[in-house]
Structure formats: structure tokens, C-alpha cells
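Student: Have a look at this one before I ask anything.
The values are calculated or read from the model by the stated rules, or taken from the named source; none is laboratory data. The structure presented is a predicted model; accordingly, all values stated were derived computationally and were not measured. Cβ placement follows ideal geometry from the backbone for every residue including glycine, while neighbour counts extend to all protein chains displayed. Ligands, DNA and RNA are excluded from the accessible area calculation, which covers all protein heavy atoms including side chains. Shrake-Rupley method; radii C 1.70, N 1.55, O 1.52, S 1.80 Å.
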Amino acid sequence: MKTEGRLRDQAQRFAWGFGALTLAAIGSVSIWTPFLDPAYLARWFDWPNL
């Protein structure tokens, strides 16, 4: 916030990149978690929890 020029631009690029990586990690963990245990799968995908 207190920088300008090249350093600020580079920090913005890193923030967008790491933000995208964070969302991808959250998505992959969210997809992977229900398949770890049948109880998780039932809890996530049975009615009315769906």
C-alpha cells in the first residue's frame, strides 16, 4: 500500500498469482475430502446436506 512503481506492480502480480493458487488448493481439498472416508461422502452428498 505504501509502495509505488515496479515494486507495487510486482507485489500485485504475486498477490493475484498466490490468490489463484490458494483458491485452487481450497478447491482441490474440497473435492478430495469427501472421498477420504465413506462417512464423509455420505455426510456431504446425502439429502438434505447436498
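Student: Among 1-9, 39-47, how do they line up by average Cβ neighbours within 10 Å per residue, starting with the highest?
Tutor: Descending mean neighbour count gives 39-47, 1-9.
Student: How big is the charge dipole of the chain about its Cα centre, in debye rounded to the nearest 20, if each Lys and Arg gets +1 on its Cβ and each Asp and Glu gets -1 on its Cβ?
Tutor: Numbers: 5 positive and 4 negative charges, 67 e Å.
In total the dipole reaches around 320 debye.
Student: With every protein chain left in place, what is the accessible area per residue of the chain in square angstrom, probe 1.4 Å?
Tutor: That works out to 96 Å² for each residue.
Student: Run the simple label-point estimate for ASP37 and ALA24 please: 7 Å along Cα→C-beta, distance reported in nm.
Tutor: About 3.0 nm separates the two model spin labels.
Student: Which Cα, out of ALA39, THR3, THR22, lies furthest along the positive dipole direction of the chain (beta carbon charges, K/R +1, D/E -1)?
Tutor: Value: THR3.
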